[in-house]
Amino acid sequence: MQITNKQSGYMDGPEFVSRTLFNHAKKFYDSYKILENHEETNLPSLVCLALSIEIFLKSLRTRVIYTRVETFTEDSVKEEYRDKSILNGGHNLSILFGGLNEKMKSEISTLYKEQFDRSIDKDLSNISHGFVDWRYMYEGKTNIIHLGTAQAVGAFLFSYVNEKLDEEKSAKQP
């Protein structure tokens, strides 16, 4: 592999769906599932759900990033390669979704509409700032939580990304 942009460190190669990011998102999704039915942890469970949705979206557009770390005390060079999302948008779910390629957005929109008879664009806009707002609910940033919407989007994206990874795995097998 060659570095195409030494400043950013992104490597040559196609975009891909990242199993590493998916697995990280799944940990937050699993935490949400464990905590969701306990009154004391209901709000923290929603923060986990919102973060999992964010990372599921980010896992859909990744590339390998290269980092070179020079250690002067050890006089050595350490090279790291890891998956990094190329989606911009921070924690804003609507912006992250908007950064997907048109084919994937269309596919997700169609499948979501078939499954829930709702628009994923509208649902994402209703929970778009959930990770930030729900963490700081005590500050009065939000009084409305679209719980059913967040649950539907989370379950859908968990399944969708998992299926994409399975498809990639099957395509690579002889």
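The values are calculated or read from the model by the stated rules, or taken from the named source; none is laboratory data. Note that the structure is a prediction, hence the values are computed from the model and not measured. Don't worry about glycine lacking a Cβ; one is built from the backbone with ideal geometry, like all the others, and counts go over all protein chains shown.
Couple of notes before you dig in:
- Residue within region 41-49 that is closer than 22 Å to LEU165 by Cβ and modelled with pLDDT of 95 or more present: yes
- Residue-level check: of (1) at pLDDT 95 or above; (2) among the charged types (D, E, K, R); (3) outside any helix (DSSP H, G or I), GLU80 misses just (1).
- Answer from HIS38, HIS91, HIS129 - the residue that is surrounded by fewer than 21 Cβ atoms within 10 Å (Cβ to Cβ), within 15 Å of the chain's Cα centre (by Cα), without any contact (Cβ under 8 Å) to a residue 60 or more places away in the chain and more than 23 Å from ARG19 (Cα to Cα): HIS129
- Of all the residues in region 118-165, those that are within 18 Å of ILE55 (Cβ to Cβ) and not hydroxyl-bearing (Ser, Thr, Tyr) number 25.
- Filter pass, LEU43 being surrounded by fewer than 16 Cβ atoms within 10 Å (Cβ to Cβ) and under 15 Å from TRP134 (Cβ atoms): yes
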